[in-house]
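Just below is one structure, and these are the notes that go with it.
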Amino acid sequence: MCVDMDAFFASVEQQANPHLRGKPIAVTGSSARTVITTASYEARKFGVKTGMNIYEAKKACPHLILVTGDNEKYTHTCKELTKIYNRFTPDVEVYSIDEAFLDITTTHHLFGGPEAIGISIKKIIKDRFGINCTVGIAPNILIAKLASDISKPDGLRWIRIENVEGILENLLVKELWGIGSKISERLAALGIKTCGELGRASASLLRNRFGIIGETLKLMGMGICSRPVISDEEEPKSIGHSMTLPKNIGDRDEIKAYILKLSEMVGRRARRYRYSGRKVSLTLRYPDFETFTKQTTLSQYANDTHIIYKSAADILGRIRLRDKIRLIGVCLSDIKTDKPSQPSLFEIERRRKELLNIMDAVNDRYGDFKLTWASYIMQEKDTGVISPAWRPAGIRLFA
Ligand code: TTP
Ligand code: MG
């Protein structure tokens, strides 16, 4: 089952302020160069879309009401929603801030079947938060996501296994979760436009053109997907944070200040959950959205902010930047759980561990970044847009 809130940020704002209900509103970020993060369905009728700048949005809908987003409200709602899903199954994957996958295979009979669960969830959310959501039910998450996408807003749709083929036959490939515009263009060049055509395409042709994902693409065209619901209790494979910068930056020292901030977020999260990792990766996105990730292997497992930072900054040092940077991500992977270890023999290492423990304790008590590294010099505080990789627990699970 896939549950996705309708116009999430806008719906939350309309609930918080009754004057906004039933009106065309758009939620923006807090920085100067902000864009529309979402628009209420009343505003969508006028063509207001996610990603538009304020000028374009006002042009499409002159009486549009703009509301500055408040991430705390959305993350709080998300955590509360997760508790609701957990009443129906322990296997809940919070995939993004407003979207979750529920594996109800072994629990649906306890609640009167899949549809009954969908109806209950919609009602509980409406009663509790006043917001609508759309529920998709299917044999796997690829089709459940599709069922939700095509039933928005305020929908509920169950696609049974025998109907999958018929629904996919004339559906454009880009409608499928995970097939972006780049892949769909490359498929179009091969004469493949619909999922039906993709499912019938030759596996060797797809493998030749797309490498190992070729086979997966064919299966997707057939509506087959074996990706399980990865519930947040499971061991993480990596811990990462990324942020869209308030403005594009080209200055390396400024980029490094953000890398330090992200390394501290990753390190602190890893220390809190007692994980260490042996690989550090840096992700950068240019303004034209080209994104790349480079990785380095540490000599030993670590969760120290400065080790993470130094490795990520070293990666940056080896990259020749062709443009300014729009988004930065830092990730610690190849993770293992820390065993209580002997204190280090070296005084300097012991002191360093103590220092990190104290910093974490202060920040846990008084809030993030209350005690921080001097070199962390951010011009604007907390203007990053919530990335799609956001998790309530801050731990990113790779599919
Ligand atoms: P979505 O589920 O993609 O959109 P939505 O809930 O607003 O609308 P829909 O009814 O079509 O599901 O995203 C969830 C929230 O995430 C959205 O309300 C705002 C935020 N968001 C961003 O901040 N930036 C983005 O680029 C996108 C797509 C969403
Ligand atoms: Mg949504």
Exercise for the section: First compute the accessible area of region 163-221 with a 1.4 Å probe, then give the percent of it belonging to carbon and sulfur atoms. Expected result: 54 percent
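Strictly over 19 Å apart at the Cα level, which of 261/370; 49/73; 83/123; 279/310; 237/261 would you flag in this model?
As for pairs spanning more than 19 Å Cα to Cα, those are 49/73; 237/261.
Heavy atoms only, probe 1.4 Å: what % of the accessible area of region 1-141 goes to carbon and sulfur, would you let me know?
On region 1-141, the fraction of accessible area on carbon and sulfur atoms equals 55 percent.
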Problem - Relative contact order [Cα under 8 Å, 6+ residues apart], region 196-314, whole percent - result: 20 percent
Problem - Extreme residue, positive dipole direction of region 107-179, given options 129, 117, 107 (C-beta unit charges) - result: 129
Completion exercise
Averaged per residue, the 1.4 Å probe accessible area of the chain, protein heavy atoms only, in Å², is roughly 52 Å²
Completion exercise
With +1 on the Cβ of every Lys and Arg and -1 on the Cβ of every Asp and Glu, the dipole magnitude of region 163-221 about its Cα centre, in debye rounded to the nearest 20, is 260 debye
Problem - GNM top mover of 374, 203, 313 - the chain, alpha-carbon springs below 10 Å - result: 374
Handout entry: Taking the chain and dividing mean pair separation by its residue count, relative contact order in percent (alpha carbons under 8 Å, at least six apart)
Key = 15 percent
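Let's see if you can work this out: charge +1 on each Lys and Arg Cβ, -1 on each Asp and Glu Cβ, no other charges. What is the dipole magnitude of the chain about its Cα centre, in debye to the nearest 20?
About 780 debye.
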Exercise for the section: Pick out, in residue order, every one of the trypsin sites (Lys or Arg not before Pro) in region 273-351 that is DSSP loop and has at most 12 other C-beta atoms within 10 Å; say none if there are none. Expected result: 274, 318, 320, 322
Exercise for the section: Give a quick list of GluC sites (Glu not before Pro) in region 236-317 that DSSP marks as loop, anything other than H, G, I, E or B, with at most 14 other Cβ atoms within 10 Å. Expected result: 290
Practice task
Please state the charge dipole magnitude for region 186-314, taken about the Cα centre, from unit charges on C-beta atoms (+1 on K and R, -1 on D and E), reported in debye and rounded to the nearest 20.
Solution key: 180 debye
Completion exercise
For region 199-269, the charge dipole (Cβ of Lys, Arg +1; Cβ of Asp, Glu -1; about the Cα centre) points to a positive end, and the Cα of 229, 202, 258 closest to that extreme belongs to 202
Handout entry: Diffusion coefficient, µm² s⁻¹, Stokes-Einstein with Kirkwood Rh over alpha-carbon pairs of the chain at 10 °C and 1.306 mPa s
Key = 68 µm²/s
Exercise for the section: Counting helices only, and only those DSSP H runs with n ≥ 4, report the 222 nm mean residue ellipticity of the chain as the sum of -39,500 (n - 2.57) divided by its residues, in deg cm²/dmol to the nearest 500. Expected result: -12000 deg cm²/dmol
Practice task
Counting only DSSP beta bridges with both residues in the chain, tell me the antiparallel percent, nearest 5.
Solution key: 85 percent
Problem - Where N is the number of residues in region 11-95, Cα Rg divided by 2.2 N^0.38 Å - result: 1.25
Practice task
Mind checking which of 366, 220, 325 is farthest towards the positive end of the chain's charge dipole, using Cβ charges of +1 (Lys, Arg) and -1 (Asp, Glu) about the Cα centre?
Solution key: 325
Fill in the blank from the handout: Of the DSSP H helices in the chain, the ones reaching 20 Å or more along their long axis in Cα terms and averaging at least -0.5 in Kyte-Doolittle hydropathy are 114-129
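The values are calculated or read from the model by the stated rules, or taken from the named source; none is laboratory data. It should be emphasised that the depicted structure is a prediction, and the values quoted were computed from it without experimental measurement. FYI the Cβ positions are ideal-geometry reconstructions off the backbone, even for glycines, and counts take in every protein chain you see. Ligands, DNA and RNA are stripped out before the accessible areas are found, and what is left, the full protein with its side chains, is counted by its heavy atoms. Shrake-Rupley method; radii C 1.70, N 1.55, O 1.52, S 1.80 Å.
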